[in-house]
Every structure is written in C-alpha cells, then in structure tokens.
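Worksheet: the structure to be examined is printed underneath.
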Amino acid sequence: MGRCFGGLSVLIVAVAFLPCSANANIVNFDDMGFANFDDVTTQYAALGVTFQGYEGDGVVALEVVDSTVFGDNVPPSPPMSLSNFYNDNPDLRADVMAINFLVPASGIEFDYNGAGSSGARTVFNLYDFSNNLVGSFNVASATDSNYHHVVAGGVNIGRVEILQPDDWWGHYIDNLSFETGAPAVPVPGAALLSLIGLGIMRMKRGCGRA
C-alpha cells in the first residue's frame, strides 16, 4: 500500500503542473500608430520586450522612422522601423540599441539595415538574465542599405545589445521575432481532479495485481 501511495503522490505532482508551449512574438513597429521620431520604450511590454538606447553613460529613448527621413532606409514591413535616433533628431544617434526581454527569450530573429559599409562592423551581443555575455556576432553582409535577416538564436536570452559601428552612425532594425516559454502552470481544478481520479484508478489496479 505504501508503495502504491508513493506512486500516487508522484502522479499528483506531475499532473498538477503542466508546461506551457512557447509563445511566438513579432514586433514590426507598425501596429501602434507611430509617427516619425516617436519614442519606443514599453509599448510592447505585453509581448515580453522593451527597448532603450545608451549614449555615453546616459539612457535615451530609441525612435521609429520611415523611409522619408533618410532614403537609405526602406523597412521590409513599412512604414516604420526602429532606429538609434533620439531626442526627435536624426543626427543624434545612440551608441547602443538594447532589446530587453522581460522573460527568457529564444529563437531571436530580426532584419538589420547597417546603412552603409560600416554596418558590417556592427557588434550584436546576447546576454542572459544574470548579465553574462553568452553570444556575440557581426553581420558581414551588412555593407549596404538593404535589410539583412539576422538569426541571433540563443536560449534564455535576457537582452540583445546592438553596438554602433562608428560614433554618430545611424542604423535600423525591423521585424523582431522571438519565443518566450512560460513556466509550468497549475492545471484548472476540474481537470486536475479528473486526472488525479484516473491516476487513483490506475494505482488501485496496480496494487490489485501486486
């Protein structure tokens, strides 16, 4: 009887918490009614991501722009893309564009426009939630003003930093996609009781055979 009861305890723990499937999220900067030079900060927090820039030791708000600001920026999903511009001025350009995930992210992809030959020197750094650098890469083909699809990958990523290749350099991202895996959640009461009931029946049958 003790052996059977122990098995039932394990069963209850197993069915009380079931893993959720990963959630796929896409941010294209076109669904918030943005106009040129609008700040993008926490508008996509419900999807699990926020944005900010760093200029020197200061924090700045990154801004969206369309193709009318500079002709070398034609977003793949028009009209808007996220730039490293700040303070409503396309000549002010943040040193770092930071993509901050509110929960661990994986499968990170986006389109990147290096806006010229220096774009190939742009460094992309991936950090985990303990602020450890877990990945770093360049996009060697980003030598023009086309958008290049970047597959950053990674698992349990907390932040992506895009480092300006040259001081005062402007560049852009669009169509950010990523997955977030929610932690295990309790099974609703009725479903849980049903599963436990089935488990008890199976355990009784097992004890009978013993």
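Would you mention how many residues in the stretch 113-133 are within 15 Å of the chain's Cα centre (by Cα) and either farther than 22 Å from V74 by Cβ or surrounded by fewer than 17 Cβ atoms within 10 Å (Cβ to Cβ) (or both)?
Final tally of qualifying residues: 5.
Does the stretch 201-210 include one or more residues that are open to solvent by less than 70 Å² (accessible area, probe 1.4 Å) and either touching an Asp or Glu at 6+ places or on another chain (Cβ under 8 Å) or modelled with pLDDT of 95 or more (or both)?
no
For the stretch 27-58, which residues satisfy the criterion of being aliphatic (A, V, I, L, M) and closer than 25 Å to T180 by Cα?
If the condition is that a residue be aliphatic (A, V, I, L, M) and closer than 25 Å to T180 by Cα, then V27, M32, V40, A45, A46, L47, V49 are the ones that fit.
Tell me, which residue of the stretch 153-179 that is in contact with a Leu (Cβ under 9 Å, 6 or more places away or on another chain) and surrounded by fewer than 22 Cβ atoms within 10 Å (Cβ to Cβ) is farthest from A105 (Cα to Cα)?
So, considering only residues that are in contact with a Leu (Cβ under 9 Å, 6 or more places away or on another chain) and surrounded by fewer than 22 Cβ atoms within 10 Å (Cβ to Cβ), the one farthest from A105 (Cα to Cα) is W168.
Where the second residue is part of a loop (DSSP other than H, G, I, E, B) and of a type in the set (D, E) and the first is under 19 Å from Y112 (Cβ atoms) and touching a residue at least 60 places away in the same chain (Cβ under 8 Å) and lies in the stretch 126-145, which pairs have Cβ atoms under 7 Å and are six or more apart or on separate chains?
Short answer, once both residue conditions are applied: S145/D72.
Hey, can you tell me all the residues within the stretch 59-85 that are hydroxyl-bearing (S, T, Y) and part of a loop (DSSP other than H, G, I, E, B)?
Correct list: S67, T68, S77.
Which residue out of S136, S106 is outside any loop (DSSP other than H, G, I, E, B) and either touching a Pro at 6+ places or on another chain (Cβ under 9 Å) or open to solvent by 70 Å² or more (accessible area, probe 1.4 Å) (or both)?
Going through S136, S106 in turn, the sole match is S136.
The values are calculated or read from the model by the stated rules, or taken from the named source; none is laboratory data. Just so we're clear, the structure is a prediction, and the values are computed from it rather than from any experiment. As a convention, Cβ positions derive from the backbone with ideal geometry for all residues, glycine included, and neighbour counts pool all protein chains shown. The protein model used for the area step is the full one, side chains on, heavy atoms only, and it has no ligands, DNA or RNA in it. Shrake-Rupley method; radii C 1.70, N 1.55, O 1.52, S 1.80 Å.
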